[in-house]
1. Would you call Glu55 at pLDDT 90 or above and surrounded by fewer than 18 Cβ atoms within 10 Å (Cβ to Cβ)?
2. Just for helices (runs of 4 or more DSSP H) wholly inside the stretch 44-114: which have at least 2 residues that are in contact (Cβ under 8 Å) with a residue 40 or more places away in the chain and in contact with an Asp or Glu (Cβ under 9 Å, 6 or more places away or on another chain)?
3. Need at least 1 residues that are surrounded by fewer than 19 Cβ atoms within 10 Å (Cβ to Cβ) and of a type in the set (Ser, Thr, Tyr) per element, so show me which helices (runs of 4 or more DSSP H) inside the stretch 121-221 make the cut, counting only ones lying wholly within it.
4. Of everything in the stretch 32-43, what is in a strand (DSSP E or B), touching a Pro at 6+ places or on another chain (Cβ under 9 Å) and of a type outside the set (Gly, Ala, Ser)? Give them in sequence order.
Amino acid sequence: MNTTDQLIEFLGDYVTENKKSKMEAALAERTRQVSVVLEDIYQPHNASACLRSCECLGVQDVHIVERKNNYRPNNGVSLGSAKWLSMHRYHSTKAAIETVKTRGYQVVATTPNVDGHDLSSLPLDKPVALLFGTEEEGLSDESLAAADTTLRLPMYGFTQSYNISVTVAISLSRLVERLRVEKIDWGLSESEKKDLTLDWYRRIVRRHELLEEQFWNQSTAKTGGADD
C-alpha cells in the first residue's frame, strides 16, 4: 500500500460513510477534459457563481488569473463549492495559458466578437480550456492572441453579451453533456481519484494536520522498531 492509500485509509476513519459515498459518486462524474480559465473576474457574485457552476457540472480545475483584480468569491453564493474544486492561481495571463497548454489543453477564447466554433462544433476529443474574461472588457488582447480557437455562444436579442457567470454556466452545461453523449473518455484516472479523495478528506477532517503528524509518528515508530 503506497503513502496516498495509507493516508486515505487513516483519515477515512474520521469521515462518515455517508460522506464517503457522496465523494465516490462525485468523483465518478468529475472531468478534466474541460477546464476553465477566469481572467480578472472581480465581482464576488460572479466569481462565486462561476465556481458553483463548475462544481455542479463536475468540472474539476479552475485556473484564476489575478492581474488587476483579486478573485474573492462570496461563500453565500458559491455554497462551499470551492472546497471541492482544484483552484490554480496566477498573476499573469501568460503563466496560466502556458500551464494549461503544457498539460495538453487546447485553449479556447469565449468571445461574442469573433466568429468561431459554437457549442455544437467545438472539438472535444482533445482537452479544452475555456477562457472567460472580465465583466466589463471581456478577454484581454493577450488571451485572444494566445488562444488556439474561439467559441461564440448563440444570442438572438439586442444585448451584445451574457453575464460572465451565465456564459460559464451555458458553456459548461452544453459541453459536459456532449462529453457523455459522444462517449469521449472524459473521466478521471484511478490515480487522480485517489489524489482528490485525499485532498477532500483533508478539507473536511478537522485538524487533519495534527492527525497526519500522529500518523507519521506512528509509522516512524513502527519502522524503527522493525529495524532494531
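1. Numbers: at pLDDT 90 or above: yes; surrounded by fewer than 18 Cβ atoms within 10 Å (Cβ to Cβ): no.
No, not satisfied.
2. On the way: elements: 44-56, 75-78, 93-102.
Result: 44-56, 93-102.
3. Values: elements: 141-146, 164-181, 190-204.
Those helices (runs of 4 or more DSSP H) span 164-181, 190-204.
4. Keep residues of the stretch 32-43 that are in a strand (DSSP E or B), which gives 34-39.
Still in the running and touching a Pro at 6+ places or on another chain (Cβ under 9 Å): 34-35.
Selection gives Val34 alone.
The values are calculated or read from the model by the stated rules, or taken from the named source; none is laboratory data. Predicted model only: the values in this text are computed from it and were never measured. Cβ sites come from the backbone with ideal geometry, for glycine too, and all protein chains shown count toward neighbours.
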